[in-house]
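Trainee: Below are the structure tokens for one structure; questions will follow.
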Amino acid sequence: MSPVFPTVREVLALVPVRHGAPRLVAGDAGLDRPVRWVHVTEVPDIATLLGGGELVLTTGIGLPADDAGLRAFVGDLADVGVSGLVVELGRRYVGGVPRVMAAAAERRGLPLVELRRATPFVRITEAVHALIVDAQLTELRATEEIHQRFTELSVEGAEPAEVLRQAAELAGCPVVLENLSRQVLAYDPAGENAELLLDGWEQHSRRIRPAGRTAYDPDSGWLVTTVGARGQDWGRLLLRWPATEAAPPTRLTILIERAASTLALGRLIRRDAEGLERQIHRTLLTALIDHSRPVDEVALRAKALGVTLDRRHLVGVVVRHRSDDPAGELEAVGPEAGPARLRDLAEAVGQAVREAKLTALTSAVDDHAVGALLALPDPGAEEKALAAFAAALRRVRLDAAPARPSAPRPAVVVAAGSGVGSLREARRSLVEARQVAEAARRDPRDLPCFRLPHVGLAGLLHLLRDEPRLQTFVERELGPLLAYDAQHPREQLLGTLRAYLEQGRNKSAGAVAAHLSRPAFYERLARIGRILDADLDSVEQCLSLHVALLALDAVRTP
């Protein structure tokens, strides 16, 4: 995509300008400045009426006669940000512009051009303004293409990789999608070296601090916008625009914001090709998890399906495979293998509910897991019901033939949340079950049913690693220290803090673990305290920092 405004170099190549036999006498470093408009003047104090980006044309007849006045005239133009100064010779200056004017323009990097032949300024202004209008029309067409392209992607429910590919293609620049902890979720290098683009990304990203929700950071050369929907931000989308060039054109801001909106919308879209009854089950379970429907409406619709949820003890259960793609099996079978495997698991869960003589809403709750909300007559039946469900599911899956005769039956995890006494609390049980199931995937034990006490704090944080609120907590607790380490890679104070906390705040043991002398270790701890504004002798503050460290490890672990 070409810039909206022509550069000084492009203006000098126009026929009406070349007719004037132009000669650049100073400021060649500024030839690539954009020309926003052309202004003709014969008064020395014109700078106060300009806004920057203008190409100033003059015959010089009204300019100061003294050297100091000429220096001030050029300085004022440079201060206001004009693109260049064009002086027609013959009326005030015959052989050339004064040396003092050329020296001042060279010192400020302001292009100064002589027109050695008389040229009607109106022809120059008409040509430049026509060029600007044409460029603006091109910009409008490009903007229209951006809106059309991303509207189509939104309707199609495109994956993030495709959204970023299209954004990089339209912009001609690398694009990166990251979460709130600066972990890369997707990227497109736009033909550049991906390894160089992502090398040390977290530290690099922490130095990118735009002023606003969508803004350009000239120090790093990245255009950044926040990604989120319904008031919940979950990431940033970044587009690299070289800092050596002018600020990115408006269309790139539009592009990155439309791409971010498409990504946010895609995260909300759920596509399903199941039967009507299962769709209703999924709608109701999703409504409970997302608070998208009133609880009374969910209870009424569930009762119409034969599932009574009022005045019942409710337990959320989630079943998922331990591996999303065991040994590359799904990739080998084809793109439909994943949804087919999920449908098979959903059918097995539904059949297990029936065989265990339980009442429940059952449906897939995401691309990898199947949920069930068990409705039990009283709390005392909870453990027995979960054991009966787990046993029935095992029997159902053993009886079913594997997708391929030579392939082993993939292992699954059954997880249950805490039982609740009302439908308004059901979401808590379902979310807890899904989190426990995610954490239990890495637990080597083959328990019939995992509960929250089985996964521990590290497991709990691991299963919450994609939660924006956890990532926000990490940034709030450790952000200043991570930013400091990014600026001082040789010190890495985070490791010092880790050694101190893992040794139970024993400074002597921490110094040994960090391979530092005690004075050096104590000095580092004092510096960490100042950076974080924290009292490292406080048990409560150290506990919060230790949890944030464990959460950071969980976020960084694939």
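The values are calculated or read from the model by the stated rules, or taken from the named source; none is laboratory data. All of these numbers come straight from a predicted model, not from anything done at the bench. Cβ placement follows ideal geometry from the backbone for every residue including glycine, while neighbour counts extend to all protein chains displayed. We work out accessible area using only protein heavy atoms, side chains counted, and drop any ligands, DNA or RNA first. Shrake-Rupley method; radii C 1.70, N 1.55, O 1.52, S 1.80 Å.
Trainee: Only one of ARG490, ARG505, ARG518, ARG498 is in contact with a helix residue (DSSP H, G or I) (Cβ under 7 Å, 6 or more places away or on another chain) and loosely packed, with under 15 Cβ neighbours inside 10 Å; which?
Mentor: Selected residue: ARG518, the only one of ARG490, ARG505, ARG518, ARG498 that is in contact with a helix residue (DSSP H, G or I) (Cβ under 7 Å, 6 or more places away or on another chain) and loosely packed, with under 15 Cβ neighbours inside 10 Å.
Trainee: Suppose we keep only residues that are in contact with a Pro (Cβ under 8 Å, 6 or more places away or on another chain) and not in a helix (DSSP H, G or I) within segment 193-221. Which one would you say is most open to solvent (accessible area, probe 1.4 Å)?
Mentor: The residue in question is TYR216.
Trainee: Which one of these does ARG469 not meet: (1) under 26 Å from the mean Cα position of the chain (by Cα); (2) outside any helix (DSSP H, G or I); (3) of a type in the set (Lys, Arg)?
Mentor: Only one criterion is unmet by ARG469, namely (2).
Trainee: Assess whether THR119 counts as being part of a helix (DSSP H, G or I), buried (at least 16 other Cβ atoms within 10 Å of the Cβ) and not basic (Lys, Arg).
Mentor: It is false that THR119 is part of a helix (DSSP H, G or I), buried (at least 16 other Cβ atoms within 10 Å of the Cβ) and not basic (Lys, Arg).
Trainee: With (1) free of Cβ contacts under 8 Å to residues at least 60 places away in the same chain; (2) within 30 Å of ALA29 (Cα to Cα); (3) open to solvent by 80 Å² or more (accessible area, probe 1.4 Å) as the list, and GLU156 as the residue in question, which single condition is left unmet?
Mentor: With respect to (1) free of Cβ contacts under 8 Å to residues at least 60 places away in the same chain; (2) within 30 Å of ALA29 (Cα to Cα); (3) open to solvent by 80 Å² or more (accessible area, probe 1.4 Å), GLU156 is out only on (2).
Trainee: Got at least one residue in segment 422-442 being among the acidic types (Asp, Glu) and in a loop (DSSP other than H, G, I, E, B)?
Mentor: No.
Trainee: Right, something else. Kindly check whether there is at least one residue in segment 88-102 that is under 28 Å from PRO249 (Cβ atoms) and charged (D, E, K, R).
Mentor: No; the residues of segment 88-102 include none that is under 28 Å from PRO249 (Cβ atoms) and charged (D, E, K, R).
Trainee: Oh, and also: If you scan segment 442-486, which residues turn out to be out of contact with any helix residue (DSSP H, G or I) (no Cβ under 9 Å at 6 or more places or on another chain) and among the β-branched types (Val, Ile, Thr)?
Mentor: THR472
Trainee: While we're on this one: Return yes when ASP233 is part of a loop (DSSP other than H, G, I, E, B) and modelled with pLDDT of 85 or more and no when it is not.
Mentor: No: the conditions fail for ASP233.
Trainee: Can you say whether ALA190 is open to solvent by less than 30 Å² (accessible area, probe 1.4 Å), modelled with pLDDT of 90 or more and either assigned to a helix (DSSP H, G or I) or under 24 Å from ILE254 (Cα atoms) (or both), as far as the supplied structure shows?
Mentor: no
Trainee: Also, I was wondering about something else. Looking at the structure I just gave you, is VAL11 assigned to a strand (DSSP E or B), crowded, with 18+ Cβ neighbours inside 10 Å and touching a residue at least 40 places away in the same chain (Cβ under 8 Å)?
Mentor: Taking the combined requirement at face value, the residue does not satisfy it.
Trainee: Within segment 166-185, identify whether any single residue is among the basic types (Lys, Arg), open to solvent by less than 50 Å² (accessible area, probe 1.4 Å) and assigned to a helix (DSSP H, G or I), and answer yes or no.
Mentor: no
Trainee: Only one of (1) without any contact (Cβ under 8 Å) to a residue 60 or more places away in the chain; (2) of a type in the set (Val, Ile, Thr); (3) over 16 Å from GLY20 (Cα atoms) fails for VAL87. Which number is that?
Mentor: (3)
Trainee: Does LEU252 qualify as being over 26 Å from LEU482 (Cβ atoms) and in contact (Cβ under 8 Å) with a residue 60 or more places away in the chain?
Mentor: So LEU252 fits the description; yes.
Trainee: Taking segment 445-461, which residues are open to solvent by 60 Å² or more (accessible area, probe 1.4 Å) and either assigned to a loop (DSSP other than H, G, I, E, B) or over 23 Å from GLU383 (Cβ atoms) (or both)?
Mentor: ARG445, ASP446, PRO448, LEU457, ALA458
Trainee: Looking only at residues in segment 100-109 that are in a helix (DSSP H, G or I) and touching a helix residue (DSSP H, G or I) at 6+ places or on another chain (Cβ under 6 Å), which one is surrounded by the most Cβ atoms within 10 Å (Cβ to Cβ)?
Mentor: ALA105
Trainee: Looking at (1) at pLDDT below 85; (2) farther than 22 Å from TRP234 by Cβ; (3) open to solvent by 30 Å² or more (accessible area, probe 1.4 Å), which one does LEU464 not meet, given that it meets all the others?
Mentor: If we test LEU464 against (1) at pLDDT below 85; (2) farther than 22 Å from TRP234 by Cβ; (3) open to solvent by 30 Å² or more (accessible area, probe 1.4 Å), just (2) comes out false.
Trainee: Oh, and also: Which of (1) farther than 30 Å from ARG445 by Cα; (2) under 20 Å from the mean Cα position of the chain (by Cα) does ASP553 not meet, given it meets every other one?
Mentor: So the condition that ASP553 fails would be (1).
Trainee: While we're here: Starting from residues that are among the charged types (D, E, K, R) and within 12 Å of VAL318 (Cα to Cα), keep the ones in segment 408-440 and report whichever is surrounded by the fewest Cβ atoms within 10 Å (Cβ to Cβ).
Mentor: That would be GLU432.
Trainee: Here's another thing I want to ask about it. Looking at this structure, is GLU162 open to solvent by 20 Å² or more (accessible area, probe 1.4 Å) and in contact with a Lys or Arg (Cβ under 9 Å, 6 or more places away or on another chain)?
Mentor: Criteria not met by GLU162.
Residue by residue, here is whether (1) free of Cβ contacts under 8 Å to residues at least 60 places away in the same chain; (2) in contact with a strand residue (DSSP E or B) (Cβ under 9 Å, 6 or more places away or on another chain); (3) over 21 Å from ALA483 (Cβ atoms) holds:
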| site | (1), (2), (3) |
| --- | --- |
| GLU162 | yes, no, yes |
| VAL184 | yes, yes, no |
| ASP188 | yes, yes, yes |
| LEU196 | yes, no, yes |
| ARG209 | yes, yes, no |
| TYR216 | yes, yes, no |
| TRP241 | no, yes, yes |
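Trainee: Wholly within segment 303-384, which strands (runs of 3 or more DSSP E) include no fewer than the required count, namely at least 1 residues that are crowded, with 20+ Cβ neighbours inside 10 Å and at pLDDT 95 or above?
Mentor: Ranges flagged: 313-321, 369-376.
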